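Trainee: One structure is given below, represented as structure tokens, and several questions about it will come after.
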Amino acid sequence: MNHDSNQRSDANVLEGAEFLRAVFDFASQCEERSEQYLTREMNEQLGTLLSLLDRASSCWWGCRGDLHTAEHLIGRCCSYAMGAFALARSGFYDESIALTRTLGEIANLCYLFATDSVAFREWTDADERGRRDKFSPLKVRLALEQRQRPVPIDQNRYRQLSEKGTHVTPHIPSQMYNVSGVSKAGGVFQEAGLFFCFAEIGHALSIVAHCAVPLCTLGRDPAERVNRAANALGAALRDARSRVNESFPGTYT
């Protein structure tokens, strides 16, 4: 194609604010299609757990009167989870996974703190360099292993999230969640991408929820509600994982 024909083609391509409006309109169509695939249980269970955690993070059931370090941590997780879910519904799956990886890092951190109050105080009192040296994602995973604790976001899961959503490599195409192996632009609906994102968001958020109970010292009633909602989300996650395995067998075992 010569230079003149390139110029003629460009004349029909949107730019400026019109381009942005077109992109968001296109993504809204993906959202509508996503809603057709997400089951009522998926939306209900995720929404309920997010609502409960939002209340836990904002002292809805009573304020302890301290620095609210734990509450801020839980609130951050709510924001990451809601942002990741919004991106997934709009068809920006890699971007959703990038946020979910961060959510997973915090899930491991919360699990360490929920099972080791000394570690929580050390993290709270440490300076920036101390937190970076002792509480990096790798150090947190190693600390859990050394304590013979389960690692909610283990090395294999963390690597998968990193390769799909964070680390740019020449071997993993962007937005590729289809059996044809074709890379897609953001905003294009892909069933496996939607359910993979939902499964990973839900997994990490469920861990955070169980940890929020001791970290925020929730009372008996709200603690039972949070734990119950986290467990209830598990059934929806099983369905999502099954849908992913239909396209990519063996992703979840």
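Trainee: Among what's in the range 163-179 and is touching a residue at least 40 places away in the same chain (Cβ under 8 Å) and under 20 Å from Ile106 (Cβ atoms), pick the residue that is surrounded by the fewest Cβ atoms within 10 Å (Cβ to Cβ).
Mentor: Pass one, the range 163-179, residues touching a residue at least 40 places away in the same chain (Cβ under 8 Å): 164-166, 174-175, 177-179.
Among the residues that remain, those that are also under 20 Å from Ile106 (Cβ atoms) are: 164-166.
Details: Lys164: 25, Gly165: 23, Thr166: 15.
Filtering first and then ranking leaves Thr166.
Trainee: Next up: Which of the residues spanning the range 140-162 are part of a helix (DSSP H, G or I), loosely packed, with under 15 Cβ neighbours inside 10 Å and charged (D, E, K, R)? Full working, then the answer.
Mentor: First pass over the range 140-162, keeping only residues part of a helix (DSSP H, G or I): 140-146, 155-162.
Checking the rest, the ones that are also loosely packed, with under 15 Cβ neighbours inside 10 Å come to 142, 145-146, 155-156, 159.
Scanning the range 140-162 gives Glu145, Arg159.
Trainee: Can you confirm whether Thr100 is hydroxyl-bearing (Ser, Thr, Tyr) and outside any helix (DSSP H, G or I)? Don't jump to the end; show me each part of the working.
Mentor: Working: hydroxyl-bearing (Ser, Thr, Tyr): yes; outside any helix (DSSP H, G or I): no.
Here the answer is no, as Thr100 does not meet what is asked.
Trainee: Only residues that are over 26 Å from Arg40 (Cα atoms) and either at pLDDT below 95 or surrounded by fewer than 17 Cβ atoms within 10 Å (Cβ to Cβ) (or both): list them for the range 211-234, please.
Mentor: Pro214, Thr217, Gly219, Arg220
Trainee: From (1) in a loop (DSSP other than H, G, I, E, B); (2) under 17 Å from the mean Cα position of the chain (by Cα); (3) closer than 21 Å to Ala230 by Cβ, pick out the condition that doesn't hold for Cys59.
Mentor: All conditions are met except number (2).
Trainee: Hey, another quick one. Residues being buried (at least 20 other Cβ atoms within 10 Å of the Cβ) and free of Cβ contacts under 8 Å to residues at least 24 places away in the same chain: count how many of those fall in the range 69-86.
Mentor: 0
The values are calculated or read from the model by the stated rules, or taken from the named source; none is laboratory data. Only a predicted model underlies this, so the values are computations on that prediction, with no experimental measurement involved. Cβ coordinates were reconstructed from backbone atoms using ideal geometry, including for glycine residues, and neighbour counts include every protein chain displayed.
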